[in-house]
Structure formats: structure tokens, C-alpha cells
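S.K.: Here it is: the structure, laid out below.
None of the figures in this text is laboratory data; all of them are computed from the coordinates on show. The model shown is predicted, which means the values in this text are computed figures rather than measured ones. Glycine gets a Cβ as well: all are built from the backbone with ideal geometry, and neighbour counts include every protein chain shown.
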């Protein structure tokens, strides 16, 4: 049975690693905040006290960390790569810039004789728990096929191109998600300000051309004003910054993505960085005081 090391047990890493344990894989976990590993350890995972200890002897390593610099630090400064045996496979499921993924793939192969896939995900904590994540993989076809059985325990993997392509696909996803969150926020606020019931408007347009997972999931969160994070706004802003970097590198003008980034940046500036992405509604409301969607109190994270 493939021995797996899973580095990064946060909002997403917890249910993803738990699904691998439930599927019968031997899993060793590491996280900077040790207490966050408790639930998956209770399911049967082993806990390591360092990235290098976690990866030592592993056949496959999964990274689910916050950003590119942290991934690079864990791999090459904190010793995760050093602990790997030749022929091992690193699957980076974090959301990082494509250039980082290309560099990590090159360096792992050249210095450690280790294969690499960049395989970021979409679907949030709900998809992670249900093992229905959309998984966008970049790398060599043979390496992807090797990883496929394990990836399928967490969701639906698709190879989208060579190294870095998975991260590029995730940026496309984040642009679409962010733009749609803003669109739903504006529509519900328009309905409320005009005297309609925003919950009824949302129900009325469900099933039509405006329907989407964003309208259904994030729209419901906006109606209920429950902004506990499935995906934090500050992380989405990080991805939107990478979207614009990739656009500039390709000499593209993406006006909707740029405006969406501005709104998420504003949300973070007014204190909403740790709120769910659906809290973009709060930024739109802040620009349109006293307009508001509904009368329910806001449910916000306290950490």
C-alpha cells in the first residue's frame, strides 16, 4: 500500500487527508499548528514533528499549504524534499503561481530524482469532505496516471497540461468564481434595495441561465449572512493577484478579473480577510450604505 505523507492540515487538508485514511492508506501528517492534526490522527494517521520526518520513507507526498513561498520553504528549507527517497512523487495541491510549480517540478527532478504534479483543487470544504473536489493536474501523463488512484479518493482529477498547467487552470477557476461571487452580491443587493425579497429572487432565478453553484451555495450564505470560511477571502485575493500576474505575463487585459481583485482587496482592507469568499457582499454593501441584504445578523469567524 502506498505510504502517504500529507503536509498542511487546515480547512481543506483535514477532510482531504481524512478521506485517504478512510480509504485505507497509511498516512503520516504534519502541520505547523500541531493541534489541527488531532482529528485525522484520531482516525488512524500518524503524526510527524517536522516536514522531513513526515516525508522520510513516503512513496507519495501531498502538500496543501497557503501559498507559494510557504510551499517552497517547507520543501527546500524545512527538509520535506530532503526526506524523500528517489522515485517518490510530490503532489502539490496548494494554490500557488504557475512559475513556482514549474520551478518546484524542475528542482525536485534535478536535485532529488523525485516526480511532481501540481494539482490544485476547487470545491471548498464541502467538496473536500465529500471527496468530490475538482482536481486540475499539471505534469507528465505517466506521473498523472500513477497518482490517479489516490487523487480519485479526494475528487475528480483531470490532467490539463505540463508542469504549471494545473495552477493555471486553478487561476481560471478563481477568476470565474470571484467574478460570479461579485455578480451574485450585486444582484441580491439590487433586489433588496428595490423592495424585492432577495431570497425569493434567488429562488426564482434558480434553474434559469443565471443559475450556478455560486448562486446556490454562496448566494445562500449571503441570504443567511453566514460568512464562516469555506474559503477565506484573503486566500482568494492571493489567487486573484496571481491571475493578474499571469495575465500581464501573457500581455492580456482582463477587466472583470481586475475589478474583482479590487473588490476583494477592499474587503480585506475593511477587515474581512478571514471571512468566507461570500463576504464580498459586505464590501459591496459597504460601498452602498445603508443598503443591505436582509435583516439577519452577520455570522463571522472569531479566530
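S.K.: What full-extension length gain, to one decimal in nm, is calculated for residue 197 and residue 176 as 0.36 nm per residue of separation minus the Cα-Cα distance?
M.R.: My answer for the length gained is 4.9 nm.
S.K.: Right, next: Pairs of alpha-carbon atoms within less than 8 angstrom and 6+ residues apart define the contacts here; what relative contact order does the chain have, in percent? Walk me through the numbers on the way to the answer.
M.R.: Details: 574 pairs, mean separation 39.8, N = 303.
Across the chain, relative contact order equals 13 percent.
S.K.: Let me ask another. Please work out the C-alpha center-to-center distance from segment 145-199 to segment 55-86 and express it in whole Å.
M.R.: 27
S.K.: Working out 0.36 nm times the residue gap between residue 186 and residue 76, then minus their Cα-Cα distance, what length gain in nm do you get to one decimal?
M.R.: 35.2 nm
S.K.: Per q in 0.10, 0.11, 0.15 1/Å, what log10 I(q)/I(0) does a Debye calculation on the alpha-carbon atoms of the chain return?
M.R.: Computed log10 I(q)/I(0) values: -0.56, -0.68, -1.14.
S.K.: Sequence gap at least 6, Cα distance under 8 Å: using those rules, report the relative contact order of segment 168-287 to the nearest whole percent.
M.R.: 35
S.K.: Here's something else I'd like to know. Please report the orientation-averaged projected area of segment 168-287, defined via the convex hull of its C-alpha atoms, in nm². Spell out each step's value before the answer.
M.R.: Details: hull surface 29.5 nm².
Averaged projected area of segment 168-287's Cα convex hull equals 7.4 nm².
S.K.: Cut-off 10 angstrom, C-alpha nodes, Gaussian network model of the chain. Which of 138, 123, 24 fluctuates the most?
M.R.: 24
S.K.: Counting other C-beta atoms within 10 Å, which of 76, 227 has the fewest, and how do the rest follow?
M.R.: Lowest to highest Cβ neighbour count: 76, 227.
S.K.: Hey, rough spin-label estimate for residue 220 and residue 152, points 7 angstrom out along Cα→Cβ, what's it come to in nanometres?
M.R.: Result for the modelled spin labels: 2.9 nm.
S.K.: If one takes the longest principal axis of the Cα atoms in the chain, at what angle in degrees, from 0 to 90 and to the nearest 10, does the Cα axis of helix 233-249 lie?
M.R.: With both axes taken from Cα atoms, the answer is about 80 degrees.
S.K.: Round to the nearest 0.05 the FRET efficiency obtained for residue 36 and residue 287 when R0 = 35 Å and r is the Cβ-Cβ distance.
M.R.: 0.50
S.K.: Now for a different question. Label-point separation (nm) for residue 248 and residue 47, each offset 7 Å from Cα along Cα-to-Cβ?
M.R.: For residue 248 paired with residue 47, the spin-label model returns 4.2 nm.
S.K.: Based on DSSP H runs of at least 4 residues, each adding -39500 (n - 2.57), what is the mean residue ellipticity at 222 nm of the chain after dividing by all its residues, to the nearest 500 deg cm²/dmol?
M.R.: -14000 deg cm²/dmol
S.K.: Under the definition of Cα pairs under 8 Å and six or more residues apart, what whole-number percent is the relative contact order of segment 4-162?
M.R.: 19
S.K.: Taking the chain as a Gaussian network, Cα atoms linked when under 10 Å apart, which of 61, 184, 126 shows the biggest mean-square fluctuation?
M.R.: 126
S.K.: Sticking with this structure for a sec: Can you tell me the length gained on complete extension of the stretch residue 22 to residue 2, counting 0.36 nm per residue apart and subtracting the Cα distance?
M.R.: Residue separation times 0.36 nm, minus the Cα-Cα distance, leaves 5.8 nm.
S.K.: Report, in degrees rounded to the nearest 10, the 0 to 90 angle that the Cα long axis of helix 165-193 makes with the longest principal axis of the chain.
M.R.: Value to nearest ten degrees: 20.
S.K.: Let me ask something additional. Select from 249, 45, 280 the residue whose mean-square fluctuation is largest in a Gaussian network model of the chain (Cα-Cα springs shorter than 10 Å).
M.R.: With Cα springs under 10 Å in the chain, the top fluctuation among 249, 45, 280 is at 249.
S.K.: Please give the helix 141-151 orientation as an angle from the longest Cα principal axis of the chain, in degrees from 0 to 90, rounded to the nearest 10.
M.R.: Long axis of 141-151 versus the principal axis of the chain: about 70 degrees.
S.K.: Let me ask another. Taking a label point 7 Å from the Cα of residue 228 along the Cα→Cβ vector, which residues of segment 166-188 have an amide N closer than 11 Å to it?
M.R.: Within reach of a label on residue 228: no residues.
S.K.: Treat each spin label as a single point 7 Å out from the Cα along the C-beta direction, and report the residue 258 to residue 210 distance in nm.
M.R.: 2.7
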